[in-house]
Amino acid sequence: MDTCRVAQATAPNGTLHLTEREVPRPGAGQVRIAVEACGVCHTDALFVSGALPGVSFPEVPGHEIAGHIEELGAGSEDHGWRVGDRVAVGWFGGSCGHCTSCRKGDFVLCADLKVPGRAYDGGFADKVIAPVDALARIPDALSATDAGPMACAGVTVFNGLRQSSARPGDLVAVLGLGGLGHLGVRFAAAMGFETVAIARGAEKAGFARQLGAHHYVDSTSGTPVAESLQSLGGARAVLATAGNSEAITATVIRQEGLRTNITLVPAGGRPGDRQNPGPYIPERPDTPVRTTGDERRERRTHPCHRRRWHGRRSRKQGPRPCACERCAGEGPGASRRRAGRGATGPGRGGGGGRRPHARRRRGRRTLGLPPRLLRDGRVSHVPGGRHHGRGGRPGG
């Protein structure tokens, strides 16, 4: 029986031990990868500690895998893969292909996302079984040790910069020079941004220059980071790889003359949040900020906007009443005033009264005719906007 080595933890917060296992065989739509290198991510510690849901023990972590295909499962050749192809597998370890996110093309948000080390054994092993949709081809010029981290840390910061509002020539700041930050600096410089590296201590300035940074800001120098960025003209985007809210605030807080359309790209985890190891995006406040003289904007940001505005019954009746605590405390007719429509009674979002026969429909005008004629089919719509009866005479 052929065996391979794996590094596994048998219990939460346990240590990793080498053990021998039988070499697994790939199933349909899978491949077996001979692992050449596997990066170490902080999320691996969360898997081993059992802090994330869905982790079962014994646990084999590792989701920055680089190697070559050793065996193909049934149907894998139809996807263009061959034995010997160099491949990488990252945090995205496969998707279901039929949930709402997958049908929209957001495979990484799959409801049944497969992450190596959680859905199946990870890369801390000699052999790994992975789905074909999780594979990424490794260029010949890239070594396995360099390709492994690119499958997780590399794609995280690259996509953050690629999808930001910054363009070549713009000033981009990278907060932190750790596992994510040092890759962020290299990507930013290669993408043509004027790159600013931000870290703690003057001794890291030389390392930042080696990575390609044009400027270095020491966050412990006494000068606020925002002022240092302001002296450089203001950053178009800030890639935050250090999961520290105080450091992020000191970087993006608005100073006089600083850019007001700055883009914050969070790429680091939230400290102490064991359930959210990925990018942390602050929750939207329950009460939106009011803008003086801009009632339309307030209506759009109101929590009940969809139910109040789009749930109206007719133009004359106005919108349905809003029963939320905010509207209830604003006095009679608050929802009517905010919606900008009339109502038939004080303090009510809608009122009585008959529905008017003359109303607009999509692509059809009823010309005030009784609904009985419409139901009986005595009036039909003719291209050009004219309405004729069965006898072909206008108004028949």
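Some values worked out for this structure:
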{"quantity": "Filter result (farther than 14 Å from Gly176 by Cα, at pLDDT 80 or above and not hydrophobic (A, V, I, L, M, F, W, C)) within segment 225-269", "calculated": "Glu227, Ser228, Gln230, Ser231, Gly233, Gly234, Arg236"}
{"quantity": "Complete set of residues in segment 133-154 that are aliphatic (A, V, I, L, M) and over 16 Å from Glu64 (Cα atoms)", "calculated": "Ala141"}
{"quantity": "Segment 100-134, subset more than 22 Å from the chain's Cα centre (by Cα) and assigned to a loop (DSSP other than H, G, I, E, B), residue nearest to Arg21 (Cα to Cα)", "calculated": "Asp126"}
{"quantity": "Some residue of segment 205-214 being in contact with a Gly (Cβ under 8 Å, 6 or more places away or on another chain) and either surrounded by 15 or more Cβ atoms within 10 Å (Cβ to Cβ) or within 30 Å of Val6 (Cβ to Cβ) (or both)", "calculated": "no"}
{"quantity": "Residue identified as at pLDDT 95 or above and within 29 Å of Asp2 (Cα to Cα) among Arg86, Arg118", "calculated": "Arg86"}
{"quantity": "Among residues of segment 135-151, those that are over 23 Å from the mean Cα position of the chain (by Cα) and part of a strand (DSSP E or B), counted", "calculated": "1"}
{"quantity": "Verdict on Phe47 being within 13 Å of Gly117 (Cβ to Cβ), of a type in the set (Phe, Trp, Tyr) and in contact (Cβ under 8 Å) with a residue 60 or more places away in the chain", "calculated": "yes"}
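Each row is one residue, and each column tells you yes or no for (1) closer than 25 Å to Leu183 by Cβ; (2) in contact with a strand residue (DSSP E or B) (Cβ under 7 Å, 6 or more places away or on another chain).
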{"residue": "Arg86", "(1), (2)": "yes, yes"}
{"residue": "Cys102", "(1), (2)": "no, no"}
{"residue": "Phe107", "(1), (2)": "yes, no"}
{"residue": "Asp126", "(1), (2)": "no, yes"}
{"residue": "Ile129", "(1), (2)": "no, yes"}
{"residue": "Thr156", "(1), (2)": "yes, no"}
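The values are calculated or read from the model by the stated rules, or taken from the named source; none is laboratory data. What you see is a predicted model; the values in this text were computed from it and never measured. Counting neighbours? That spans all protein chains shown, and the Cβs are built from the backbone with ideal geometry, glycine included.
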